[in-house]
1. Quick one: how many residues across the stretch 74-84 are more than 14 Å from residue 108 (Cβ to Cβ) and in a helix (DSSP H, G or I)?
2. Just to verify a result, which residue in the stretch 94-133, among those that are exposed (fewer than 12 other Cβ atoms within 10 Å of the Cβ) and modelled with pLDDT of 90 or more, is nearest to the chain's Cα centre (by Cα)?
3. If you check every pair at least six apart or on different chains, which have Cβ atoms under 6 Å apart with a residue in the stretch 42-71 that is more than 30 Å from residue 106 (Cα to Cα) and in contact (Cβ under 8 Å) with a residue 24 or more places away in the chain first and a residue that is among the basic types (Lys, Arg) and surrounded by fewer than 18 Cβ atoms within 10 Å (Cβ to Cβ) second?
4. Sort out which residues of the stretch 56-93 are of a type in the set (S, T, N, Q), under 30 Å from residue 126 (Cβ atoms) and exposed (fewer than 13 other Cβ atoms within 10 Å of the Cβ), and write them in order of number.
Amino acid sequence: MTFPEEPGLAVYTRSAGAPYTAGVANESDPEPGPRPGTMARIVRDALHGLSPRERWGWVLTVLGLLVILAGVLHLTSATIGGPIHEFRERRAYNQVKTAAHEAIPVTFALGLAGLAIVLAGARLRASGRRSRD
């Protein structure tokens, strides 16, 4: 990377050897200026390269992570117990401990279910890669 005479602009060299100035239109560019939707285009191209099994595998993985997050938030909300407006309204240690112990079975079940869904998604992605190759 080299810096031109104008402060604040960096020149990047492309593989073809033509310099590219960030934020400035270049004569060799088919589309001058910054390209809109670049991140969306990258994601779309990545998804088009996947088989349907791999796509469903990613969906299952994300769903499993969301189920695990729901379990964590369930335990957190059980221990917090609602908004505290004044110091004297706080919950005692025994109340928090009891609420946490009551919430642990549901949290554990959500965590295991989320883990199973993530593993199923990983197996589906792996089988999609094998069938594509």
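1. Going through the stretch 74-84, the residues more than 14 Å from residue 108 (Cβ to Cβ) turn out to be 76-77, 79-84.
Okay, now just the ones that are also in a helix (DSSP H, G or I), so 76-77, 79-80.
Of the residues in that region, 4 qualify.
2. 105
3. Pairs found: 51/132.
4. The first filter runs over the stretch 56-93 and keeps only residues of a type in the set (S, T, N, Q), leaving 61, 76-77, 79.
Retained after the next criterion (residues that are under 30 Å from residue 126 (Cβ atoms)): 61.
Matches in the stretch 56-93: none.
The values are calculated or read from the model by the stated rules, or taken from the named source; none is laboratory data. Predicted model only: the values in this text are computed from it and were never measured. Backbone-built Cβ (ideal geometry, glycine too); neighbour counts: all protein chains shown.
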